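**Student:** To start, I am sharing the structure in question, which I have written as structure tokens.
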Amino acid sequence: MAQAGDIEGETSETIAELTKTYGMGSTLYEKMKEAREKWRKEVINIAVIGQARQGKSSLINAFMGEKVAEVSALGVTTTDVRPFPHPSNSNIILWDVPGVDAVNHQRDVYIDSIGYKEHPYDFFLIVTKDIFSSDAKFVAELVQKENKKFYLVRTHIDHSIRDEKEDNEDMSEEEVVAKIRKNLQTEIERLGFDTEHKVYIVNCRRPKQLDFPRLQRDICEDNVSTWKREAFLLTIRAFGQQMIDMKFDMFKTRIYKVALASAAGGAIPIPGVGAMIDMVILIEELLTYFVGFGLTRGAIASLEELNGLESGTIESDIAVSMEKDHKLLFLIRKEAPDRILSKEALKTAALTIVKTCSGIILTELTLIAASEAVESSVAWFLPILGSVIAAGISYSVTAYQLRLILKEVKEVAELINACIK
């Protein structure tokens, strides 16, 4: 349970300075609104490099959380660099980049042929289904020369486990995976690459398993700016508890921005509390939680397809859980669109929900706002926000509500994570 005075992401001094600089009105409202949406402008280009039948399309689908790239056992080679924008954020793009041995991709012009100048890649995923080949070595050297980071992703691990166990019946799957990882990491270091370049063993049909969650985590921690990290975390589906925790922590850092904006531009009074909240802002943030944690109906349907589950398998479980234990989330999600693809769509969805459900939502929010924890939080915040008592109450109420809502969203995300293999 969040405690009074628990300000995630910013200190009380920062909040006091913001209100002193911009006042408690339209200017602060716009500043906080801009800060909340800044991540949407960040562009992240990820190159996925490898030969045909290495598992690139499956890896792209795992990253997207749904099938956006056609997977073919025939492995038809292409000389084209193909972009795959994320379905809920077109500024995050995975590029299917042919290997160096593809037609017209001679080594001396390879960096130009893959469009590096047109859309400089933030980092590279070098995909292989077996050894660290000479072509992979060439690409890795080229990437390091450009002062970019690469991640060596070893796919088709299920085939390797099967083959290895046929030769060594006593080896467990864990031992086979550890052996392959160690051999590839040793080869990278033997060839003189920086030790920061790591090996990831993945099963793209089961991205929750093996190293895929670690790959997601390391991308966030290694080499993206603060805003790109936020964009990545708020967009990419989380596989595994660590990524869920990272998303949760990232969303917590946004709470003060939403609460300040609500306090500065609040329009709807909470009965018996003396606070005004901007319900549209609050619903917008909740819908952003839905998208960021993959809780929309469209995202759940895509996850079921990606994991080979019967349609509705996960959806039915979380709907029952939300209706029972997370009533406010259930009510809002029921009215939310299957997909929210842009800032404009988010605004439209929030306005529609407020118009159709404001009475029900306000009743639920009133119950939260009337708690003793909110009262102690209000008492703590009034000195920080100066003499603007109504704003202090509104800030405290909105921040406390968002903390509770975010915690509930995380619990639903963990339930979804438990439903997949």
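**Student:** Calculate the FRET efficiency for ALA319 and VAL109 from the Cβ-Cβ distance with a Förster distance of 51 Å, rounded to the nearest 0.05.
**Tutor:** That gives a FRET efficiency of 0.45.
**Student:** Then there is this: Go ahead and run the numbers for FRET between LEU309 and GLU141, Cβ-Cβ distance against an R0 of 51 Å, rounding to 0.05.
**Tutor:** About 0.80, to the nearest 0.05.
**Student:** Now for a separate question. What's the carbon and sulfur percent of region 276-344's accessible surface, probe 1.4 angstrom, rounded to a whole number?
**Tutor:** Looking at region 276-344 in its full context, I get 51 percent from C and S.
**Student:** How large is the convex hull of the Cα atoms of region 124-261 per residue, expressed in Å³ as a whole number?
**Tutor:** Considering the Cα atoms of region 124-261, their hull volume per residue is 115 Å³.
**Student:** Run the numbers for THR356 and GLU175: contour at 0.36 nm per residue of separation, minus the present Cα-Cα distance, in nm.
**Tutor:** Length gained, THR356 through GLU175: 59.6 nm.
**Student:** Multiply the residue separation of ARG82 and SER225 by 0.36 nm, subtract the distance between their alpha-carbon atoms, and state the gained length in nm to one decimal.
**Tutor:** 49.0 nm
**Student:** Another question about this same structure. How do TRP39, TRP227 rank by accessible surface area computed with a 1.4 Å probe, from largest to smallest?
**Tutor:** Ranking TRP39, TRP227 by accessible area, largest first, yields TRP227, TRP39.
**Student:** Show the residues, 5+ positions off or on another chain, whose built amide H is closer than 5 Å to the amide H of LEU309.
**Tutor:** Hits under the 5 Å cutoff: none.
**Student:** Report, in listed order, any pair from LYS67/LYS355; LYS31/LYS149; LYS247/LYS324; LYS20/LYS407; LYS20/LYS257 with a Cα-Cα distance greater than 26 Å.
**Tutor:** LYS67/LYS355; LYS31/LYS149; LYS20/LYS407
**Student:** Another one. Could you work out, for region 183-257, what percent of all Cα-Cα pairs fall into each 5 Å distance bin, beginning at 0 Å and stopping at the bin that holds the largest distance?
**Tutor:** 3, 14, 21, 19, 17, 12, 8, 3, 1, 1
**Student:** Straight-line reach from LYS165: which aspartates and glutamates have a Cα under 12 Å away, not including same-chain ones fewer than 8 places off?
**Tutor:** The reachable aspartates and glutamates, counting only those whose Cα sits under 12 Å from LYS165, are GLU173, GLU174, GLU175.
The values are calculated or read from the model by the stated rules, or taken from the named source; none is laboratory data. Note that the coordinates shown come from a computational prediction; the quantities given were computed from them, not determined experimentally. With ideal geometry, Cβ positions are generated from the backbone for all residues, glycine too; neighbour counts draw on all protein chains shown. These accessible areas exclude ligands, DNA and RNA; they are computed on the full protein's heavy atoms, side chains included. Shrake-Rupley method; radii C 1.70, N 1.55, O 1.52, S 1.80 Å.
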